[in-house]
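Asker: There's a structure below that I have some questions on.
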Amino acid sequence: MELPEIALLFRALGHPIRIKILLALANQPLPYSKLARLIFISPYFDSGKFNYHLKYLMHAGLITQAPSESGYIYKLTTKGRKITEIIIKLA
């Protein structure tokens, strides 16, 4: 792993919402709507902000999205799973 990739990884972990997303995906892939409800609790959330954080995690290679019948399903990548396991151990 090169230094720029490591820096991107640490920036991706630099916001509590992104860490919550990783932890929510630790047990299973989730559709967008269920993931949003787990992260924000309230049905009234800023979808633009949520999408920004999802894209940031995808750019860092920590999660992927796959099309489904009702939108997208999000899941951890291998790198995302390893990082999430470390976060869980540290918590």
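Every read-out reported here was derived from the displayed coordinates using simple, explicitly stated rules and does not represent laboratory data. Note that the structure is a prediction, hence the values are computed from the model and not measured. Cβ placement follows ideal geometry from the backbone for every residue including glycine, while neighbour counts extend to all protein chains displayed.
Asker: Which helices, taking whole DSSP H runs in the chain, have alpha carbons extending 15 angstrom or more along the helix axis plus mean Kyte-Doolittle at least -1.0? Each step should come with its number before you reach the end.
Answerer: Numbers: long enough: 47-59 (18 Å, -0.71); 78-90 (18 Å, 0.02).
Correct list, ordered by number: 47-59, 78-90.
Asker: Given charges of +1 on the Cβ of Lys and Arg and -1 on the Cβ of Asp and Glu, with all other atoms neutral, how large is the dipole of segment 3-90 about its Cα centre, in debye to the nearest 20?
Answerer: Numbers: 12 positive and 4 negative charges, 33 e Å.
I would put it at about 160 debye.
Asker: With springs only between Cα atoms under 10 Å, which of 21, 63, 39 fluctuates most in a Gaussian network model of the chain?
Answerer: 39
Asker: Have a look at 62, 38, 54 and tell me which one the Gaussian network model of the chain (Cα, springs below 10 Å) gives the largest fluctuation.
Answerer: Its mean-square fluctuation being the largest, the pick is 38.
Asker: Add +1 for every Lys or Arg and -1 for every Asp or Glu among the other residues with Cβ under 15 Å from the Cβ of residue 32, and state the total. Mind dumping the intermediate values first?
Answerer: Values: positive: 20, 34, 37, 49, 55, 75; negative: 46, 69.
Net of charged neighbours comes to +4.
Asker: Let me ask something else about it. Among 53, 59, rank each residue by its count of other Cβ atoms within 10 Å, from fewest to most, as a rough exposure measure.
Answerer: Values: 53 19, 59 12.
Arranged by neighbour count, lowest to highest, 53, 59 become 59, 53.
Asker: Pick from 49, 75, 20: which residue has the top mean-square fluctuation in a GNM of the chain where Cα pairs under 10 Å get a spring?
Answerer: 49
Asker: If contacts are Cα pairs under 8 angstrom and at least 6 residues apart, what is the relative contact order of segment 3-90 in percent? Kindly include the intermediate steps, with their values, before the conclusion.
Answerer: On the way: 79 pairs, mean separation 29.2, N = 88.
Worked out over segment 3-90, it gives 33 percent.
Asker: On the principal axes of its Cα set, how long, how wide and how thick is the chain? Give whole Å, largest value first.
Answerer: If we take the Cα atoms of the chain, the spans are 37, 26, 24 Å.
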